[in-house]
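Laboratory data are not the source of any read-out in this text; all were calculated from the coordinates shown. Because the structure is a prediction, the values reported are computed rather than measured. Here the Cβ positions follow ideal geometry from the backbone for every residue, glycine too, while neighbour counts run over all protein chains shown.
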Amino acid sequence: MINKMDLTYMKMALDLAAKAKGRTSPNPMVGAVLVKNNKIVGSGYHHFAGAPHAEVEAIKAAGQEAVDSTLYVNLEPCNHYGRTPPCTEKIIAAGIKRVVIAHLDPNPLVSGQGIERLKKNGIVVETGILEEEAKKLNEVYIKYITTGRPFVLLKGAMSLDGKIATRTGHSSWITGERARLKVHELRNEYDGILVGIGTVLADDPQLTSRLPNYDNRDPIRIILDSQCRIPLTARVLNQKSKAETIVVVSPQASKDKLEKIKELGARILVVPERDGLLDLEVLIDELGKMQITSLMVEGGARVNGSFLAKGLVDKIYLFLAPKIIGGNNSLSLIEGWGVDRVEQSIKLKELSVEIFGDDLGIIGYPV
């Protein structure tokens, strides 16, 4: 039977871990709470890659009170040397008698080994407390560490009739301010943001995170531009922004234009074509090699359709505005991809809904 106090303290560990959203890549988010005689004696969380791990922070905060305490941590403590020493060594040395873990680390360097070492040193270990919540928190890390590919979020904003722009291409603004603020929060959390050249030509976006009164972390801007049509004056090539830009081109792109883009500080990634389009499978693998662990795809319609058709989308976040745009030539959220029969459509699971003023946010995972 699950101990209610275990649930309470594990929830605290998860809340601590979430404080570092968007800051720990390529590491997981981890929080730790040390409890002795039903009193919290230490706590901490992993702030960023290379910083002390959550367990180390909690042990340091507890000092001698760590002896005979219980450690609550949302991910299995590491048992290998990376940027920091193994957390298992610190736990054993601190005299902790019991460790409660939400779930095992899927990293092959860790999985099960941390628990095994703790048990061999006489520490009681329990797992599975708030496991699903913990896995959802670190869904990006789990996808990346098990596949080497980034976790892909498809984000879209549309009217009730599924339009993302009018017949003239106008799209500012379909959703309200609160929904747009949420988009900037997502940009602040994801490693990369991807759009097609059509979006750049139509809107000249900055693709940065602009949250008021916040330490913004801009995602790496990734532009799909097979023929290198991007204007040299585009804001994503503007050096005033600290955000890095990667322009993805085909082998046929103009070498002279590529050199000019490099002079502006952007990186060039050459990807082969398949069926006349950039090979997204190759692209995703290359981004993974760059340690881009999470990617937010912001369209447009053709890019959205290509990612869905290739089965590359892990999560969908749609903002739905109470507006009807209409028009045969208005842009839809998804183009280029479609099914013959309704039963062949992509279905979503684990649906949730959020409200942003007059707009709805619908979140789900493709089956």
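Side notes on the structure shown:
- Over the chain: helical MRE at 222 nm, DSSP H runs n ≥ 4 each giving -39500 (n - 2.57), nearest 500: -8000 deg cm²/dmol
- Its Cα gyration tensor gives the stretch 146-288 an equivalent ellipsoid; the semi-axes, largest first and in whole Å, are 25, 18, 17.
- Converting phi to 3J(HN,Hα) with the Karplus coefficients 6.51, -1.76 and 1.60 and the offset θ = phi - 60°, the stretch 280-286 yields 5, 4, 5, 4, 4, 4, 5 Hz in sequence order, with x at every glycine or proline.
- Rg followed by Dmax, in Å, when the stretch 216-341 is reduced to its Cα trace: 16.1, 49
- Summarising the amide proton neighbourhood of I96: residues at separation of 5 or more, or on other chains, whose placed amide H is nearer than 5 Å comprise D68.
- With contacts taken as Cα pairs under 8 Å and at least 6 residues apart, the stretch 1-130 reaches a relative contact order of 21 percent.
- Applying 0.36 nm per residue to the separation of T166 and E343 and subtracting their alpha-carbon distance, the gain on full extension is 60.8 nm.
- Here the stretch 96-184 is described by how far its Cα atoms reach on the three principal axes: 69, 26, 20 Å, from widest to narrowest.
- Seen from a random direction on average, the alpha-carbon convex hull of the stretch 275-315 projects onto 3.1 square nanometres.
- Report note on the peptides 167-174, 195-202, 264-271: ranked by the mean count of other C-beta atoms within 10 Å, highest first, their order is 195-202, 264-271, 167-174.
- Share of Cα-Cα pairs in the chain lying beyond 28 Å, as whole percent: 51 percent
- Remark: relative contact order (the chain) = 15 percent; criterion is Cα-Cα distance under 8 angstrom and separation of 6 or more residues.
- Segment Y365-S352, extension gain: residue separation times 0.36 nm, minus the distance between their alpha carbons: 3.7 nm
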